[in-house]
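What follows is a set of notes on a single structure, which appears directly below.
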């Protein structure tokens, strides 16, 4: 499963960079094209490179932006996946005549 995590990190890196408000853009089609792209909507504030530059700039605004546009949606997606997995296990248990321990068990 670790490979899936790294695959998602790799696949999401370019589109997330295209959502930032700075930089040169993303070369989605490199090495076939030198053209760089941004998305029309760029809600993520660009972060300064280097720890001293990051802390000297508006780092709280950068972190708040990343929490709002990346952290919270990722948390919601993870929670939805956990609930879907729980419901699937519960339905499988009921199909086999075994009711798993937890909320909603009525005798």
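Every read-out reported here was derived from the displayed coordinates using simple, explicitly stated rules and does not represent laboratory data. In this text, all values refer to a predicted model and were calculated from it rather than measured experimentally. Cβ atoms come from the backbone with ideal geometry, glycine included; neighbour counts cover every protein chain shown.
Projecting label points 7 angstrom from Cα along Cα→Cβ for residue 95 and residue 80 puts them 2.3 nm apart. Considering only alpha-carbon pairs that sit under 8 angstrom and 6 or more positions apart, the relative contact order computed for the range 1-44 is 34 percent. When a footprinting reagent is the concern and you count Cβ atoms within 10 Å, what order do 34, 53, 40, 17 take, fewest first? Fewest to most other Cβ atoms nearby, the residues stand as 40, 34, 53, 17. Counted by neighbouring Cβ atoms within 10 Å, the residues 54, 6 run from fewest to most as 6, 54. In degrees between 0 and 90, to the nearest 10, how far off the longest principal axis of the chain does helix 72-95 point, with axes built from Cα atoms? It is inclined by approximately 20 degrees. GNM remark for the chain: springs join alpha carbons under 10 Å apart, and the peak mean-square fluctuation among 45, 89, 36 falls on 89.
For the chain, evaluate the Debye formula with one uniform point scatterer on each Cα (no solvent term) and list log10 I(q)/I(0) at q = 0.17, 0.22 Å⁻¹, rounded to two decimals. One equal scatterer on each Cα of the chain leads to -0.94, -1.25. In degrees, nearest 10, range 0 to 90: what is the angle between the Cα axis of helix 2-18 and the longest Cα principal axis of the chain? So the helix axis and the longest Cα principal axis differ by about 40 degrees.
Express the relative contact order of the chain as a whole percentage, based on alpha carbon pairs under 8 Å and six or more residues apart in sequence. That works out to 15 percent.
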